[in-house]
Amino acid sequence: MLIGDRVWAARYDVGVAVITERGVAALVLTGTRAGRAAAPMVVWFGVGAPDALDADASGLAGSDVWVRDSATQERLGGTAVQSGDPLLLASRVFGADTLRRRADLLRMCGALPAGRRLVVEVAHGADASARRTLADGLERALRADPKLSVVVLRLDPARPDAAAGLEIAGLVAERVHHLPVWTGVDDIAAAMSGAGAVLASTPAGAHLAAALGAPVALVAAEPRSSPAIAVLAGDAASAIETFLHDAQPADIGEAVHTLDAAFAELAERLPRLAGTASVATQTDPVESALTILQQRLVDERTALQAELSRIQAELEHLQASPEHRIARPLREGYQRWQRRRT
């Protein structure tokens, strides 16, 4: 996200002074560290929420910033190019066969239930009343469909308390599963891709589910979400029940077309920008030593594999030789005679 020190500090749970001292915001915004160039070029694609943009973006040209929505574009003074959320292209990153195998592996590990499932993406910071309303709606859906299971997950692993407060009482709570903390984005994508429906609390979760072809709806009004994604409002319990009954994948064709056009324009600009931006970056001695060590390990492993292949070839040659075929019956007969004596 295009953010400043305050949001970076909250994201990694450290003091703002630490982030400022390390120059994190300057590095990600301008590609400089301690006033010295550390990257040949910085291109921002898909910046954060308008209320989280506390960074000074006045010096960024429109060709270097690509925003997800019109609200963020206005926040930057109209100098950014509107493109849409790149998460809407997630289906091009995760193959269908890969997601299916990943889901099978999660099911074998007990992290994903079998059968029809409703995936609920929760976010940090939701108020207690909203969580209670969502929990009531999920409880009602579970009671209405005995074969339905609920999988609760979060996109931000740095917020382990995101799923706290989403408590469902009664026997139906046995069909509520929480995706483990150790799972990654590929696991989340696998859980969403095969789901009967997805309830998302953030535009990122909604866009990821929509890109994977799962019926999805947002449980709160979000101006940064795609217009093709439904928003559940009013009575959450009734809205969830209606959504599950009539759930259909969102039509994101227009948004994907806009993203493709943005990527095409970005691809035209990149070579020209890269050619004019020549930055002499310093080589880190520690990183260089690690690179050399890794290359030596690769070379030694290759040499060892070649030696093992040579020895295996010689062994196969000896086993196929006439001397081996003649001596083998004599050796086996001698061994049988020894066993009879003992």
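Read-outs: derived from the displayed coordinates by stated rules, not from any lab. Only a predicted model underlies this, so the values are computations on that prediction, with no experimental measurement involved. Because the Cβ atoms are built from the backbone with ideal geometry, glycine has one as well, and the counts that use them run over all protein chains shown.
Peptides 29-38, 329-338, 192-201, ordered by how many other C-beta atoms sit within 10 Å of their residues on average, highest first, read 192-201, 29-38, 329-338. Among 146-153, 211-218, sorting by the average number of other beta carbon atoms lying within 10 angstrom of each residue, highest first, gives 211-218, 146-153.
If each residue of separation counts as 0.36 nm, what is the full-extension length gain between CYS109 and LEU315 once their alpha-carbon separation is subtracted? Display every interim value, and only then the final one.
Values: separation 206, 0.36 × 206 = 74.16 nm, distance 4.17 nm.
Answer, rounded to one decimal: 70.0 nm.
The modelled label-to-label distance between GLU268 and HIS178, using points 7 Å beyond Cα along the C-beta direction, is 5.0 nm.
Once the dipole of region 88-251 is set up with Lys and Arg at +1 and Asp and Glu at -1 on Cβ about the Cα centre, which of ILE240, VAL181, ALA197 lies farthest towards its positive end? The one lying farthest along the dipole's positive direction is VAL181.
Couplings 3J(HN,Hα) of region 208-213, computed from phi: 5, 5, 5, 5, 8, x Hz, in residue order, whole Hz [Karplus 6.51 cos²θ - 1.76 cosθ + 1.60, θ = phi - 60°; x for Gly and Pro]. Each residue of region 191-207 was assigned a 3J(HN,Hα) from its phi angle through the Karplus curve 6.51 cos²θ - 1.76 cosθ + 1.60 (θ = phi - 60°); the sequence is 5, 6, 5, x, 7, x, 6, 10, 10, 10, 9, 10, x, 4, x, 5, 5 Hz, with glycine and proline shown as x. Using the Cβ-Cβ distance between ALA169 and THR258 with R0 = 51 Å, the FRET efficiency computed as 1/(1 + (r/R0)^6) comes to roughly 0.70. VAL14 to SER129: FRET efficiency via 1/(1 + (r/R0)^6), r the Cβ-Cβ distance, R0 22 Å, to the nearest 0.05? For VAL14 and SER129, the calculated efficiency is 0.10.
With both labels modelled 7 Å from their Cα along Cα-to-Cβ, the GLN294 to ALA306 distance reads 2.3 nm.
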